[in-house]
1. Remind me, relative contact order of the chain in percent, using alpha carbon pairs under 8 angstrom and six or more residues apart?
2. Can you list the residues, at least 5 places off or on another chain, whose amide H is less than 5 Å from the amide H of Ala245, using H built in the peptide plane?
3. Fully extended, how many nm does the chain gain between Cys63 and Ile45 (0.36 nm per residue separation, minus their Cα-Cα distance)?
4. Given contacts defined as C-alpha pairs under 8 Å and at least six residues apart, what's the relative contact order of the stretch 257-324, whole-number percent?
5. Would you work out which of Pro340, Ala356, Val91 lies farthest towards the positive end of the dipole of the chain, given +1 charges on the beta-carbon of Lys and Arg and -1 on that of Asp and Glu, about the Cα centre?
6. What's the center-to-center distance, using Cα atoms, between the stretch 25-56 and the stretch 296-344 in Å?
7. Assuming 0.36 nm per residue, please report the length gained on full extension of the stretch Ile371 to Phe395 beyond their Cα-Cα distance.
8. Asp122 versus Val37, label points 7 Å from Cα toward the beta carbon: distance in nm?
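Bear in mind that the values in this text are calculations on the coordinates, not laboratory data. Given the structure is predicted, the values throughout are model-derived calculations rather than measurements. Backbone-built Cβ (ideal geometry, glycine too); neighbour counts: all protein chains shown.
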Amino acid sequence: MTYSSIPFLWFLAAFLALYGLCPAKYRRYLLLLGSVVFIAVNSVIDALWALLFAVVNFVLGFCIQRTAFRKPATAAAVAVNVLALATFKLVGVQPMGVSFYTFAFISYLVDISRGQLVSEYDPVRFANFSFFFPKFLTGPITRYGELGTELDKPKTSLEKLQTGLERFVLGFAMKIFIADKLAILWNELVKIGFSSLTTPLAWLGAFSFSIQLYIEWQSFMLIATGIAGMLGYELPLNFNYPYLARSIGDFYRRWHITLMRWFKDYVYIPLGGSRKGMARTVVNILFVWLLTSLWHGLGWNFLLWGMSLGLFIVIEKLWLGRLLENSRVLGHLWVLILIPLTWVCFKIGSTAELGAYFSRLFPFFGSENLIPGSEFWRILKQFAIFLALGILFCFPLPEKLVHRFGKTWVGAILLAALFWWAVYELNRNGSNPFMYLNF
């Protein structure tokens, strides 16, 4: 039961109805029940793993708060979480949401150690933070101070309900009408075979997947923040139009913001950040990106993806950054060429297939058995409207228009029509699972 499924829409409709009817003082219990049901319907085993992590970290928070040896206690507590997550990745077992809630628990423990939080004593409040269903599957990675302390006092209002509904409908439509359609384009290339692609088609695939991944991520973030808003809560921003960036560093300050912020606050700065000279800064940047690679997976493709990004950011730090800042065109070209190449590494897990794809992106040695060049125009024509919509939604204008006119009668009618059209399309064709559900 993912966020873009018919069963979830039934679940959400029933839950919102009960939530609205429930007396305010009992809503936190209903929220916990709804979150547990949501997780357990997807997988009882995954729900039990999440419960175990929550109980262990609830106890560890108490221990760190009360010990006189906070640093070693915190190090041991963090090690428990890291070891558990690493074990899951090594054995190839990934409970739903484990990477997201493990990082949330680590930030909770470290913030207690730093004196920025007091350990939670209310198990219901902590459980709601742990299992909060709008963010459970795909994030954003939320710190306890951003959500946990507000779980007993949601700020519900008609305006929040309306804004949340607008976000939900927009995200749902983006997933069904753009991301799922662009996923078909990539599947077409897989059917053809990467070694048989023409160079234009290989580049079209790289750009298309880049747009698809962003639209899919952003659609789920809009769904998550929309549901949270309807319930009276605010989740942190996770994307800020990354394809408007003019450097790789700027791109990752706009992309998956809560993950990048987590690594900055709990790894990069504690290692010394950029305060201990350029050599140490370079080492810290590369180490952070090594950990980012491993967080995503243990395949060579993830390592190549992460370390290449780290290297590009180091190059920008050393000399290229100022040039990119001074030239808007050069900066955008740098991002729009390199980022799709890194996403190809991220997407293709087989080294042989990755090599074949790059041989078509950069055909220096020629190739045999290529498909006819007319295939590029056929596929481009077939998916042009979805590519155009995807590019449009990389800019702020569509979301601004929805938030501006969604509160008018005409806007509300159009959003309702868009939602039911998306439901019809979902019921007819289904929806592709989001790749980050495996994280």
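1. On the way: 535 pairs, mean separation 92.1, N = 439.
For the chain, the relative contact order is 21 percent.
2. Sorted by chain and number, the residues that satisfy this come to none at all.
3. Extra length from Cys63 to Ile45 when fully extended: 3.8 nm.
4. Relative CO of the stretch 257-324 lands at 22 percent.
5. Pro340
6. Between the Cα centres of the stretch 25-56 and the stretch 296-344 lies a distance of 39 Å.
7. Result for the pair: 5.2 nm of gain on full extension.
8. Rounded to a tenth, the inter-label distance reads 2.2 nm.
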